[in-house]
1. Taking the chain as the reference, fit the longest principal axis to its C-alpha atoms, fit the long axis of helix 16-27 to the helix C-alpha atoms, and give the angle between the two in degrees, 0 to 90, nearest 10.
2. Assigning unit charges at the beta carbon (Lys, Arg +1; Asp, Glu -1) and nothing else, what dipole magnitude in debye, to the nearest 20, does segment 205-317 show about its Cα centre?
3. Would you work out which of HIS290, TYR73, VAL362 lies farthest towards the positive end of the dipole of the chain, given +1 charges on the beta-carbon of Lys and Arg and -1 on that of Asp and Glu, about the Cα centre?
4. Once amide H atoms are built 1.01 Å from N in the peptide plane, which residues 5 or more positions from SER364, or in another chain, come under 5 Å H to H?
5. Quick check on the chain: of the DSSP beta bridges with both residues there, what percent are antiparallel, nearest 5%?
6. Between LEU103, LEU36, LEU261, which gets the highest mean-square fluctuation from a Gaussian network model of the chain, Cα cutoff 10 Å?
7. Take every Cα pair under 8 Å in the chain that's 6+ residues apart, average their separations, divide by the length, and report that relative contact order as a whole percent.
8. Could you let me know the centre-to-centre spacing of segment 213-275 and segment 78-128, using Cα atoms, in angstrom?
Amino acid sequence: MATLCAAMISEARALQDEIVADRRALHQIPEVGMALPETVAYVSQRLDSLGITWRPCGAVAHELTRSYENLGYPGIDRSTGIVATVGSGAGPCILLRADMDALPIIEENDLPFKSTRACSHMCGHDAHTAMLLAAAAVLKRHEAELPGTVKLMFQPGEELGAGSKTMIDDGALEAPHVDVAFGLHVMSNEPAGQVSFAPGVSSTSLDTFVIKIQGRGGHTSAPQQCIDPLMVANQVYQALNLMMTREVEPAAAITLSCGALQAGTVPNTLPDTADLKFGLRSLNVAAREHVLSRIPELVEGYVKAWRASSEVAMFNCPSVVTDPLLAAELQPAFAAVVGSARVHKAEPMAATEDFSYVSAAVPSVFAILGAGSPGAAPHHNPHMHLDEQVFWMGAALHVAVVATWFEHHAPSRPSIGRHKGASSERA
């Protein structure tokens with residue numbers, strides 16, 4: 001397998017120009033959300049040209065659509081993910097993931113391949129897709145040498161926080177069952193060619209919720225005839241913030257913020273309803289679980305005290321968890337591509353990543369590939385720009401991870417399950 005790993009890394013490097021071409025083509029046709037018809041057409045045509053079997057994948061549950069609508073987003077009617085398969089179709093199975101969706105940001109870079117749409121890949125997902133397509137090409141060439149199966153997960157809706165979930169719900173991790181998974185993200189403000197990962201919790205969770213308070217509107221001259229939802233909303237706001245100072249350990253990495261309070265239109269009328277929109281981010285699993293359990297209790301108590309009623313609509317995206325034992329096992333693969341001096345353990349990301357749904361289901365590793373320099377425009381900025389010279393490294397990391405993992409878990413070796421110790425890291 002060491003020889004195979006070296007050969008595949010070399011072949012990935014030789015595909016640098018092809019990766020750049022794919023990335024630039026995708027960069028010009030960005031699409032936002034769960035439905036990405038043009039992007040999926042491009043990816044599926046490339047997979048067909050490589051002779052790789054694939055299927056559409058993505059199931060949108062009613063609860064997910066309702067959650068988005070309650071939060072003020074458009075409803076979701078379909079998810080256009082792709083699952084492709086390389087290898088025997090049996091034996092140990094590893095999944096490689098790339099996200100494909102873009103952001104509703106107008107690009108301000110002066111590039112010959114810039115987006116001409118009112119959205120753009122200021123997230124780097126076009127690069128992720130191109131790098132996984134190149135990895136697919138290399139893996140297909142060596143398909144007969146793979147002692148198992150590699151699944152390729154091209155997902156929509158990462159920026160919505162649930163694209164991977166729609167694919168998991170549609171069986172992306174089954175037939176055959178996925179044993180482990182690897183996710184890779186480029187970063188424009190990390191040194192080019194550097195690989196980093198955070199064992200254990202690797203990203204913040206994000207829990208977004210709307211508290212809808214139903215009161216009884218009326219004239220401000222007769223408040224006794226009304227149930228003032230603004231007053232109730234104010235007390236709920238204070239209670240939730242006070243709870244964060246009295247029930248959460250001060251050292252816990254967790255924040256609660258109210259981004260919107262919407263109610264009423266004129267000063268002489270008490271409104272019927274008031275909506276509070278909150279966001280909870282955390283790196284502490286126990287603190288997050290406590291706060292999530294207390295939110296509905298506190299809301300119910302204060303709302304009932306003032307004879308109002310309420311509804312809490314919530315959308316949850318957990319933290320990515322990098323399995324420490326699997327990360328240690330794959331670290332030589334990172335070093336084989338970029339050199340051991342450029343592989344680092346890092347602090348968890350402050351951002352949220354929906355690869356979390358995969359890592360909650362199977363042991364996973366999430367890594368960052370530097371594609372710029374410190375101080376450069378960050379992701380989600382209209383001037384974000386990537387150093388294309390590192391793209392071959394992304395493809396090489398994918399194939400090196402596959403070869404290294406198969407080296408440890410070929411069928412002749414003991415079968416694997418969830419790594420011992422993973423559950424304690426997740427707590």
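Each reported figure results from applying straightforward, stated rules to the coordinates on display, with no laboratory input. The structure presented is a predicted model; accordingly, all values stated were derived computationally and were not measured. Here the Cβ is made from the backbone with ideal geometry for all residues, glycine too, and neighbour counts use every protein chain on show.
1. Helix 16-27 sits at roughly 30 degrees to that axis.
2. It comes to approximately 100 debye.
3. HIS290
4. ALA181, ASP323
5. 65 percent
6. Of the options given, LEU261 has the highest mean-square fluctuation.
7. It comes to 25 percent, rounded to a whole number.
8. 40 Å
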